[in-house]
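Values in this text are rule-based calculations from the coordinates and carry no lab data. Worth saying up front: this structure is predicted, and the values here are computed from it rather than measured. When we count neighbours, we look across all protein chains shown, and the Cβ atoms used for this are built from the backbone with ideal geometry, even at glycine.
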Amino acid sequence: MDIEQFRKAGYQAIDRICDYYYSLREKPVVAQVEPGYLRKALPDHAPEKGEQWDAIADDYQSLIIPGLTHWQHPSFFAYFPTGCTFEGMLADLYSSSACNPGFNWLASPACTELESVVMDWAARMLGLERTFWNISEVGGGVIQTTASDSALTAVVCARTRCTTLNPDVPHSSLVMYVTSHTHSFGLKAARILGLRVRTIDVDDEVVMGKDSEEEVDGWGLGVNKLKEALKEDLANGMKPFILVATVGTTNSGAVDRIDEIGEYLAKEHPSIWLHVDAAWAGVTLACPEYRDRAQLAGINKWVTSLCVNFHKWGLTNFDASALWVRDRNLLIDALDVTPAYLRTKHGDAGTVIDYRNWHLSLGRRFRSLKLWFVLRSFGVEGFQTYIRRCIKLNELFASLVRKSDIFELVTRPSFALTVFRLRPQAIFEPSTLVSTSPPTSSSITATAPTSDKEDPSSLAFLNALNRAMHHELQTSHTHEMLLTQTEIRGVFCLRLAVGAARTEERDILRAWEILNEVGEHVLAEAQSGA
Ligand SMILES: *Cc1c(COP(=O)(O)O)cnc(C)c1O
């Protein structure tokens, strides 16, 4: 393809992308194809001779698009959202056109300098204190591929710090801490690095909501569980060296008590690295009214490193995972390996950031461009408006659940996530189901998994109902909407996460309609079967 052919193909591609967005609402949310559909449609070898571009471009439309699950669909409520804006797409296009692996300043000064500036903009927007800004030259921010990479980087560097300070401690004594609600990347990091891991079980650490005595605010790590675990491990000669805590867990949006944990670690175990994974919920820090709930004070005061994914709920196209550290030398001490061919005058003089020493790989994509485009085009205000709008839509959904006779919340809605389940009040009176529930209460405490006393037979029955509900949603309704499931303390729940940029109130209302139709159907089947 030459330059003029590219011009033509490029215009066509943009036109087709616009058409895709115009028709997105009418598309099935989930690809309605069978496994292996594409292999059947494609030849089993690359063509011997190059093909015409038109044929290639048309095959994207006819073969690939039908096999896409549309994460940007207004009725996509599964997992967590994936940020996507036209600003982000254009940035990806430009960065792809410059196509350079920007591993050090000299490899492309603009890539390094823009990242260092834009990460400071983002840090300020989220309210992070100056230590975390690049301009402080103490800590700083770097864009990683994913939250998993950010966490892996933190664990690698924490390990180096620990073994440097304690050269006599054998590798087999090192142990990293996660909780039972930490993202699975914690266990994966431990496996990759051959480390012991201790999972602190927080399933009975119920945090009650401040503004509602009755609603469970989730399962978060507090200081007591941590103390117990540390005491036991230290007595056994173990060397805990990092704790991965979470603000906004994937399961239920729960928040570990960073202020409390951080203060305790700083006082009693200052050598333990505190990494906070705020991959999903971290962007809420942009709004002052959520900073308390998202633990900004604790983060600013205590954490060693913090991860926030802008590619999730932060309007920036995948991938852009922000990692901030309080002290950049913690990264560089562990990761700086400089052979002769990578040495530069500026690097040697320490006058520039060499981002290759801030993450695991050498080459890196020019990701700051999309964050720059997004933050400039939206402004901090536009960014805040978007976050608030998603939370408001989620509150609308939660209010419908609260009023429902057949659904209930399992935890208090967290930011833009609602975890709920089918639990019909009419045919299952709380008094017959849950021995300890107050007779008048239809509230969450009566039935949620927080009540240890939920009758096992009713739990099994409700789980079966909810599995049936989920199954029906996944088999017959994925063209209309998508949500995913989770399990908390043995309770099977459904999760609805708001965040696709095009979701509107009517999409929430439509989802609610579908859920009720399916819920009623599942209940009718259960009753006729009983
Ligand atoms: C999504 C998510 C992750 C994983 O994010 P990746 O960027 O895909 O690695 C980790 N932690 C939390 C809390 C998440 O929500």
field: Pairs with Cβ under 9 Å, 6+ apart, first in region 246-259 and basic (K, R), second more than 8 Å from the ligand (Cβ to nearest atom)
entry: R257/V207; R257/G220; R257/L221; R257/G222; R257/V223; R257/A245; R257/Q295; R257/G298
message: Tell me yes or no: at least one residue of region 301-314 is surrounded by fewer than 23 Cβ atoms within 10 Å (Cβ to Cβ) and more than 16 Å from the ligand (Cβ to nearest atom).
response: yes
query: So which pairs qualify, if the first residue must be in region 112-135 and surrounded by 20 or more Cβ atoms within 10 Å (Cβ to Cβ), the second must be of a type in the set (D, E), the Cβ gap must be under 9 Å, and the two must be at least 6 apart or on different chains?
result: T112/D354; A123/E129; F132/D120; W133/D120; N134/E115; N134/D120
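The rows are residues; the columns are (1) polar (S, T, N, Q); (2) within 16 Å of the ligand (Cβ to nearest atom); (3) outside any helix (DSSP H, G or I).
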position	(1), (2), (3)
D149	no, yes, no
D168	no, no, yes
M176	no, yes, yes
A189	no, yes, no
- prompt: How many residues, within region 214-257, are under 26 Å from the mean Cα position of the chain (by Cα) and not in a loop (DSSP other than H, G, I, E, B)?
  reply: 16
- request: Name every residue in region 241-250 that is over 18 Å from V308 (Cβ atoms) and within 9 Å of the ligand (Cβ to nearest atom), in order of residue number.
  value: none
- prompt: How many of the residues making up region 136-147 are within 16 Å of the ligand (Cβ to nearest atom) and surrounded by fewer than 21 Cβ atoms within 10 Å (Cβ to Cβ)?
  reply: 2
query: Just to be sure, is A158 away from the ligand (no atom under 16 Å from the Cβ), assigned to a helix (DSSP H, G or I), more than 30 Å from I387 (Cα to Cα) and of a type outside the set (S, T, N, Q)?
result: yes
task: Filter region 263-285 for residues that are within 22 Å of Q144 (Cβ to Cβ) and assigned to a helix (DSSP H, G or I) and give the result.
output: A281, G282, V283, T284, L285
- line: If we keep only residues of region 315-329 that are outside any loop (DSSP other than H, G, I, E, B) and either within 17 Å of I135 (Cα to Cα) or of a type in the set (K, R) (or both), then the residue farthest from the ligand (Cβ to nearest atom) is N329
task: Within region 277-284, identify whether any single residue is more than 16 Å from the ligand (Cβ to nearest atom), over 16 Å from E113 (Cα atoms) and not basic (K, R), and answer yes or no.
output: no
- prompt: Can you tell me which residues in region 1-54 are more than 21 Å from T69 (Cβ to Cβ) and among the charged types (D, E, K, R)?
  reply: D2, E4, R7, K8, D15, D44, E48, K49, E51, D54
